[in-house]
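Asks: Mind looking over this structure? Questions follow.
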Amino acid sequence: MNDANIVKAIASGESSDSERILGLLFSYMPKIAAERKMDNLLVLMADLGRLLVQADRCSLWLIDSEKNELWTKVAHGVSELRIPLNAGFVGYAAKTGEALLIDDAYKDDRFDRRSDEKTHYRTTSVMAVPLMNGAGQVIGVYQAINKQGETPVFSRQDLERLALTAVYSAKTIESARLTAELEASKVELEATQEELIHILGDVSESRSRETGDHIQRVAEISYKLALYYGLSEEEAERIRLAAPMHDLGKVSIPDAILNKPGRFTDDEFAIMKSHAINGEMVLMKSKRDLLRFAATLAGSHHERWDGKGYPRGLRGEEIPLAGRICAVADVLDALSSPRCYKPAWPEEKVREEFIRQRGGQFQPELIDVLVEHWDDVFGCFRKARAEMEAAQAAAAAAQAADQNRAG
């Protein structure tokens, strides 16, 4: 039964009452359709049920199969409750799949008076309707307690209305659960992808003598540049997550070349340059969007704005924006950090080199952004250098003290 037919069926009856019912349905159904949080959804549906059948209290109980219990966070007048799966009217409806219409709960052996005793409440009339999913399985129970108004008991029409509302509620609960599961799976998948990217990035760095902090700095610098350049938070974060993979292809480069302290021969440089294509090819085999995005970045971060880069000799905006951004971050870290073939450059010399390469190696607008926000972007190197200098000073002092004692 679709939602339109459910509305028609629920609202059938006396014209005056039908107008009241339709008003409630048109008020609550859009709110229920828009709600994604299960707790809020249960509150809305309990309120709708209570008003539809004019009950004092209404609750939606859901089955917890692992604990063999029924639970509700929505029972008007009380806080969260948990009961055994076979307890009371709710348990009977859940176990048998049958709807109950009770005029006086205290005259029925299935009623458990302990809940009334705990809450100091007097239950009289009760309706309990099972919630069925699309496969015909009971997933919970819709319960209404104590009819309000001139007649103290629920009618057959009340039961039919609650049963129809239960059909709509079960569909909504099932949809909300599926959405929550998909969201959880998406979050887990994204976390797994991020972890995989950092693991593979660490693997590529472990092959060289460069510090593993390099991939983290390139990622953070790329993120800051992307934001300052005007990209959205989501776009900048995507670049930050992909950037650690920029040098994955280095795992294919022999150690003798990768860690060579001197200048490369032409043949060695040709082999070294192959890491860009190799990394791109490995990552492009993935079906995951983030890894395929990282493939584009890996294959383009050595291209130059003037077309003199590698591996494809792309020029200007032919180079993917993420690759242009990562190129700046990668060179900034390379110049500012000590490597096996050179010491770290002084900060001012690094800044001057980027200004000199504006429009040559790098996109002019990116260099303008870098220079404008230099203090923020370069801050990570100042901190790293201060820590390194402090460690070197401490080591020198310890060595001098040892020599004095020995003398």
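Asks: Which is farther than 30 Å from LYS37 by Cα and assigned by TED's automatic domain parsing to the domain that holds GLU35, of GLY136, GLY140, GLY149? Talk me through it step by step, then tell me what you get.
Replies: Numbers: GLY136 fails: farther than 30 Å from LYS37 by Cα; GLY140 fails: farther than 30 Å from LYS37 by Cα.
Exactly one residue qualifies, and that residue is GLY149.
Asks: Would you check if there is a residue in segment 337-344 being out of contact with any strand residue (DSSP E or B) (no Cβ under 8 Å at 6 or more places or on another chain), free of Cβ contacts under 8 Å to residues at least 24 places away in the same chain and assigned to a helix (DSSP H, G or I)? Show your work before the answer.
Replies: Residues of segment 337-344 that are out of contact with any strand residue (DSSP E or B) (no Cβ under 8 Å at 6 or more places or on another chain), as a first pass: 337-344.
From the residues that got through so far, the ones that are free of Cβ contacts under 8 Å to residues at least 24 places away in the same chain too are 338, 342-343.
Next, only the ones that are assigned to a helix (DSSP H, G or I) stay: none.
Taking every residue of segment 337-344 in turn, none turns out to be out of contact with any strand residue (DSSP E or B) (no Cβ under 8 Å at 6 or more places or on another chain), free of Cβ contacts under 8 Å to residues at least 24 places away in the same chain and assigned to a helix (DSSP H, G or I).
Asks: Can you tell which of VAL350, VAL328 is surrounded by 12 or more Cβ atoms within 10 Å (Cβ to Cβ), in contact with a Ser or Thr (Cβ under 7 Å, 6 or more places away or on another chain), of a type in the set (Val, Ile, Thr) and closer than 20 Å to GLN216 by Cα? Even if it seems obvious, please write down each step before you answer.
Replies: Numbers: VAL328 fails: in contact with a Ser or Thr (Cβ under 7 Å, 6 or more places away or on another chain).
Among VAL350, VAL328, only VAL350 is surrounded by 12 or more Cβ atoms within 10 Å (Cβ to Cβ), in contact with a Ser or Thr (Cβ under 7 Å, 6 or more places away or on another chain), of a type in the set (Val, Ile, Thr) and closer than 20 Å to GLN216 by Cα.
Asks: Here's a follow-up. Which of (1) free of Cβ contacts under 8 Å to residues at least 60 places away in the same chain; (2) touching a helix residue (DSSP H, G or I) at 6+ places or on another chain (Cβ under 8 Å); (3) among the aliphatic types (A, V, I, L, M) does LEU178 not meet, given it meets every other one?
Replies: The failed condition is (2).
Asks: Go through segment 1-53 and tell me which helices (runs of 4 or more DSSP H), entirely inside it, have 3 or more residues that are modelled with pLDDT under 55. Working first, answer last.
Replies: Details: elements: 3-11, 15-34, 38-53.
The helices (runs of 4 or more DSSP H) meeting that bar are 3-11.
Asks: Filter segment 254-273 down to the residues that are of a type in the set (Ser, Thr, Tyr) and surrounded by 16 or more Cβ atoms within 10 Å (Cβ to Cβ) and list them by number. Before the answer, list the steps.
Replies: Quick first cut of segment 254-273, residues of a type in the set (Ser, Thr, Tyr) only: 265.
Once the filter is applied, which keeps residues that are of a type in the set (Ser, Thr, Tyr) and surrounded by 16 or more Cβ atoms within 10 Å (Cβ to Cβ), segment 254-273 yields nothing.
Asks: Anything in segment 149-159 that is touching a residue at least 60 places away in the same chain (Cβ under 8 Å) and either surrounded by 22 or more Cβ atoms within 10 Å (Cβ to Cβ) or within 22 Å of GLY88 (Cα to Cα) (or both)? List them, or say none.
Replies: In the first step, residues of segment 149-159 are kept if they are touching a residue at least 60 places away in the same chain (Cβ under 8 Å); the result is 149, 154, 157-159.
Within segment 149-159, PHE154, ASP158, LEU159 meet the criteria.
Asks: Conditions first: (1) under 29 Å from PRO364 (Cβ atoms); (2) outside any helix (DSSP H, G or I). ALA242 passes all but one, so which condition is the exception?
Replies: Looking at each condition in turn, ALA242 falls short on (2).
The values are calculated or read from the model by the stated rules, or taken from the named source; none is laboratory data. This is a predicted model, so every value here is computed, not measured. FYI the Cβ positions are ideal-geometry reconstructions off the backbone, even for glycines, and counts take in every protein chain you see.
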